[in-house]
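All remarks here apply to the structure that follows.
The values are calculated or read from the model by the stated rules, or taken from the named source; none is laboratory data. Every value quoted in this text rests on a predicted model; they were computed, and no experiment measured them. With ideal geometry, Cβ positions are generated from the backbone for all residues, glycine too; neighbour counts draw on all protein chains shown.
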């Protein structure tokens, strides 16, 4: 009989499941509802989720045997960390696994934005030859401001430097020396806002970062700035961004994340100068395999009482 029972509520790549099955009974129920989860979670020692499942205080209350919750990916804003701590449950994630995929999507969004690739493609598919209307811009010679220069932000910075961009970065968690060591020039937030031609956000959603890009911070930006976000919905005040797009203060935005997901056919999503994707930063085959392996090993380490690499709470 296996030592532990583990519930997967949002699916997990098979290689991760194989790792878990060597030590535990594993139940994979990717369509489980919130109500069903409350009914069965008390049977399990561990829970592994992605972004769909909300691990609320009620889940921790019902999970009498829970020792660890694993997030197969980076963001843990769908897990109530205070409730986890109150119930003595560890929370772990897989922060390294998806970094390259998110960084590459950021570049794709950036290039799509400055060269209007979605509009060009839509025109071709509708039999329109929009060559004269599609005068884009180059990344070369522009200043990129990266807000949050951790794993993903620094990967973006390195790649943009290869395009001939000047990269400046603001990160309250890093010293100026560390930012420079990672290949960017250090800037305060106000300096970055004033100097950047493009701004890319790579920060978690917290009480401090919610609405960081808002009417006041947009007013400090260059006229014609472009904004890219593949981080977390909510770090941008979407009403303020829409107003800035309408006024021309912001020339364009590329967004993979939204305050409400899915956002529906909002004025922001429908805007002609906005490029959108449905929160697919981590959605590559390679990233999902790495995430499954990393989170499976980390959850088992937590169950065994071993040292954890990526304990969030």
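At least 2 residues that are closer than 27 Å to residue 96 by Cβ and at pLDDT 95 or above in each: list the helices (runs of 4 or more DSSP H) lying fully within the stretch 112-188 that qualify.
151-162, 176-181
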Subset of the stretch 273-295, residues in contact (Cβ under 8 Å) with a residue 40 or more places away in the chain and assigned to a loop (DSSP other than H, G, I, E, B), comes to 277, 279, 280, 281, 282, 283, 284
Here the residues within the stretch 189-218 that are assigned to a helix (DSSP H, G or I) and touching a residue at least 12 places away in the same chain (Cβ under 8 Å) are 189, 190, 191, 192, 193, 194, 195, 215, 217, 218
A careful count of residues in the stretch 157-176 that are surrounded by 19 or more Cβ atoms within 10 Å (Cβ to Cβ) and out of contact with any strand residue (DSSP E or B) (no Cβ under 6 Å at 6 or more places or on another chain) gives 2
Restricting the stretch 137-153 to residues that are surrounded by 14 or more Cβ atoms within 10 Å (Cβ to Cβ) and over 12 Å from residue 203 (Cα atoms), the one farthest from the chain's Cα centre (by Cα) turns out to be 137
Residue hits (the stretch 219-237; assigned to a loop (DSSP other than H, G, I, E, B) and touching a helix residue (DSSP H, G or I) at 6+ places or on another chain (Cβ under 9 Å)) are 220, 221, 222, 230, 231, 237
By residue number, the members of the stretch 72-92 that are in contact with a helix residue (DSSP H, G or I) (Cβ under 7 Å, 6 or more places away or on another chain) and under 26 Å from residue 260 (Cβ atoms) are 72, 73, 80, 83, 84, 91
